[in-house]
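**Q** I am attaching a structure below and will ask some questions about it afterwards.
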Amino acid sequence: LQDQFDNLEKHTQWGIDVLEKYIKFVKERTEIELSYAKQLRNLSKKYQPKKNSKEEEEYRYTSTRAFLATLNEMNDYAGQHEVISENMTSLITGELTRYVQELKQERKSHFHDGRKAQQHIETCWKQLEASKRRFERDCKEADRAQQYFEKMDADINVTKADVEKARQQAQLRHQMAEDSKAEYSSTLQKFNSEQHDHYYTHIPNIFQKIQEMEERRIVKIGESMKTFAEVDRQVIPIIGKCLDEITKAAESIDHKNDSQLVIEAFKSGFEPPGDIDFEDFTQPMKRTVSESSLSNSRGEGKSEPKFGGKSKGKLWPFIKKNKGAGPEDFSNLPPEQRRKKLQQKVDELNKDIQKEMDQRDALTKMKDVYIKNPQMGDAASVDHRLAELGQNIEKLRLEVQKFEGWLAEVEGRLPMRTEQPRRQSGLYEAQNTSAVNSCAQDRESPDGSYTEEQSQETEMKVPATDFDDEFDDEEPLPTIGTCKALYTFEGQNEGTISVAEGEMLYVIEEDKGDGWTRIRRNEDEEGYVPTSYVEVYLDKNAKGA
């Protein structure tokens, strides 16, 4: 191929183009893998349950848990496609890009050497041609000089001096021709040697290097194609595990368990209604209503049922739910559902209390650090926040007591309402007596059926003055000490009293462990304030007594 230098140059350039095309192909494949992985992750995220939402509650069923496991496995599945993209980028795209740069430099060097050798042989050829033409010219000049000398020598009219001059000129030309002949011979030998080295040594060596370079390129692209397949093969076991986990999750679905969860979630706790007695209208007697009927009667001695209007009785399986927010005690719900809601509310409030207490403990430790190391901060700066936390905790505890009272009522554990803690606010007592009674009784008929509409009959009410009368009949409690208000407290609930910061008051009852102290301003004003809001000075004699 010593005469195909140009074609070899074109072919090696084509080989580099093929390599760059393959690099581009792999790069686009990595982009597709990344895009696919991103779409899979977004898909998995889209269908993940939102925190603190109704969807999160639905994932207690085995079928929805299996779907959640599928979403998680799809996230891992997407991760494997990201691994494919990363490995292809590092092992193929990056490696081949560096190799192409080296290949271009090597090719450029080899063809530069080839062109240099070609130029050298062409220069030698030109020198040979110049030497040859000079030898030819000198030979012709010598022949002309010889012919002129012979002509001058034969002419009898020419002087001897002219003949001698012609003879010397002819000898000079012959000498120049001999010199040119020697130079031409030397140049020819040199050219033949250079030409032999060119075609049998230099060019073959250069072409051999080009061939090796081209073969390395071919091997390299083959190895890259193997790596291309191997990168995919490496993640197949992990992808297989993801698919196995999805299959395992699907096999874990328990239809019986899901059905039981539905029963537990929606059972009302009511017994099915009894048989309706036959009412004989042919008898000349007042029509009575059976105790097992589904009317909304309150019992004997109540007003007669109204038949002209809309029936108040509703069969319990077809209860209509109230639209909008229900009452705070969930009395609009069936007993079992109400118990679950109340328990859930108590748990939430206890979590909030624990959170507030953790904050208070942290601030207390910070205050202790400030007291020991005043340079770190002002201990008084956290007092206001501690007071706020104390107030929040007391409010939450009152809420817990309120909901626990309703919960105990549902579970049949609640004592008589007159025994409820007297430190709860008047609002709570009112709700826990008249409101709860009316809501609960209005929705239960004597035979255990359940209606959504309130009866038109008179509701049972607990006289609101019973507690107040008992309180008024008692003798005023004696003072057992004094206290100073550390912070201003707005006593908004009934049973509490408002105090101003720095105000001095009388203590009539110590904190019993619930965080409240009973104080008196004058004979007509007394009530409870948070213990953390006052500094108490007890009378030793009174305390001992």
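**Q** So what is the accessible area of region 335-411 per residue, in Å², with the probe set to 1.4 Å?
**A** Values: 4370 Å² over 77 residues.
Using a 1.4 Å probe on heavy atoms only, each residue of region 335-411 averages 57 Å².
**Q** Take every Cα pair under 8 Å in region 4-259 that's 6+ residues apart, average their separations, divide by the length, and report that relative contact order as a whole percent. Intermediate values should be presented prior to the final figure.
**A** Working: 188 pairs, mean separation 85.5, N = 256.
In percent, rounded to a whole number, it is 33.
**Q** Going highest first, how would you order 65-77, 352-364 by mean Cβ packing within 10 Å?
**A** Working: 65-77: 17.9, 352-364: 14.8.
Descending packing order for the listed peptides: 65-77, 352-364.
**Q** Using a probe of 1.4 angstrom, how much of the accessible area of region 335-411 is carbon and sulfur, in percent?
**A** On the way: 2170 of 4370 Å².
In region 335-411, the share of accessible area belonging to carbon and sulfur is 50 percent.
**Q** Amide H to amide H, which residues 5 or more places from residue 486 or on other chains are under 5 Å from it, using H placed in the peptide plane?
**A** Residues meeting the criterion, in which the H sits 1.01 Å from N, are 502, 534, 535.
**Q** Still on this structure: Quick check: the distance between the Cα centres of region 46-85 and region 212-264, to the nearest angstrom?
**A** First find each Cα centre; the distance between them is then 17 Å.
**Q** Enumerate the amide H contacts of residue 508 below 5 Å, restricted to partners 5 or more residues apart or on another chain; note that Pro and chain-start residues carry no placed amide H.
**A** Hits under the 5 Å cutoff: 480, 518, 519, 520.
**Q** Given a cut-off of 26 Å, name the pairs among 10/116; 50/248; 116/209; 51/351; 21/209; 27/248 whose C-alpha atoms lie farther apart than that in the structure shown. Walk me through the intermediate numbers first.
**A** Working: 10/116 18 Å; 50/248 24 Å; 116/209 15 Å; 51/351 17 Å; 21/209 24 Å; 27/248 36 Å.
Checking Cα-Cα distances, 27/248 exceed 26 Å.
**Q** Here is a follow-up. Using only the alpha carbons of region 335-411, determine the length spanned along each of the three principal axes and report them from longest to shortest in whole angstroms.
**A** Sorted from largest, the Cα extents of region 335-411 read 59, 14, 11 Å.
**Q** Can I ask one more? Rounded if a/c is under 1.5, else prolate if a/b is larger than b/c, else oblate: which is region 114-157, with a ≥ b ≥ c the root eigenvalues of its Cα gyration tensor? Show your work: numbers first, answer last.
**A** Working: a/c = 12.04, a/b = 10.48, b/c = 1.15.
Verdict is prolate for region 114-157.
**Q** Computing the accessible area with a 1.4 Å probe over protein heavy atoms, can you report the carbon and sulfur percentage for region 481-538? It would help to have the intermediate numbers written out before the result.
**A** Numbers: 1310 of 3020 Å².
C and S atoms contribute 44 percent here.
**Q** Given an 8 Å cut-off on Cα distances and at least 6 residues of separation, report the relative contact order of region 37-145 as a percent. Before the final figure, lay out the partial values.
**A** Numbers: 26 pairs, mean separation 27.4, N = 109.
Relative contact order of region 37-145: 25 percent.
**Q** Note down the net charge around residue 238, summing +1 for each Lys or Arg and -1 for each Asp or Glu among other residues with Cβ under 13 Å from its Cβ.
**A** Values: positive: 233, 241; negative: 73, 76, 82, 232, 244, 245.
After counting each charged neighbour, the total is -4.
**Q** Let me ask something else about it. Diagonalise the Cα gyration tensor of region 481-538 and give the resulting equivalent ellipsoid semi-axes, square root of 5 times each eigenvalue, largest first, whole Å.
**A** On the way: eigenvalues 36, 32, 29 Å².
Semi-axes from the Cα gyration tensor: 13, 13, 12 Å.
**Q** Going out from 0 in 10 Å bins, what whole percent of all Cα-Cα distances in region 4-259 drops into each bin?
**A** 6, 16, 13, 11, 10, 9, 8, 7, 5, 5, 4, 3, 2, 1, 0
**Q** Now a separate question. Amide H neighbours of residue 526 under 5 Å, at least 5 residues apart or on other chains, H built in the peptide plane: list them.
**A** Excluding prolines and chain starts, which carry no amide H, the hits are 521.
**Q** For 514, 179, give the ranking by accessible area with the largest first, probe 1.4 Å. Please report the intermediate quantities before stating the final value.
**A** Values: 514 45, 179 85 Å².
The ordering from most to least exposed comes out as 179, 514.
**Q** Using θ = phi - 60° and the Karplus relation 6.51 cos²θ - 1.76 cosθ + 1.60, list the HN-Hα couplings for region 102-110 in order, rounded to whole Hz, with x at every Gly or Pro.
**A** The phi angles translate into 5, 5, 5, 5, 5, 4, 4, 5, 5 Hz.
**Q** Using a 1.4 Å probe on the protein chains only, how many percent of the accessible area of region 4-259 belongs to carbon and sulfur? Can you show the working numbers first?
**A** On the way: 8950 of 17090 Å².
Percent of accessible area from carbon and sulfur atoms in region 4-259: 52.
**Q** Roll a 1.4 Å probe over the protein chains and send me the accessible area per residue for region 4-259 in Å². Each step should come with its number before you reach the end.
**A** Working: 17090 Å² over 256 residues.
That works out to 67 Å² for each residue.
**Q** Suppose accessible area is computed on protein heavy atoms with a 1.4 Å probe; arrange 519, 236 from highest to lowest. Before the final figure, lay out each step's value.
**A** Details: 519 0, 236 105 Å².
So the residues, ranked largest to smallest area, are 236, 519.
**Q** Applying the Karplus parametrisation 6.51 cos²θ - 1.76 cosθ + 1.60 with θ = phi - 60° to the phi angles of region 218-233, what ³J(HN,Hα) value in whole Hz is obtained for each residue in order, glycine and proline being reported as x?
**A** 5, 5, 4, 5, x, 4, 5, 5, 5, 4, 4, 6, 5, 4, 5, 5
**Q** Hey, can you find the accessible area per residue of region 481-538 for me, probe 1.4 Å, expressed in square angstrom?
**A** Numbers: 3020 Å² over 58 residues.
Per-residue accessible area for region 481-538 comes out at 52 Å².
**Q** Explain nothing, just compute: Karplus ³J(HN,Hα) = 6.51 cos²θ - 1.76 cosθ + 1.60, θ = phi - 60°, for every residue of region 141-147 in order, whole Hz, x for Gly and Pro.
**A** With coefficients 6.51, -1.76 and 1.60, one gets 5, 5, 5, 5, 5, 5, 5 Hz.
The values are calculated or read from the model by the stated rules, or taken from the named source; none is laboratory data. Values in this document were obtained by computation on a predicted structure and should not be read as measured data. Glycine also receives a Cβ, built like all others from the backbone with ideal geometry; neighbour counts cover every protein chain displayed. SASA here: full protein model, heavy atoms, side chains in, ligands and nucleic acids out. Shrake-Rupley method; radii C 1.70, N 1.55, O 1.52, S 1.80 Å.
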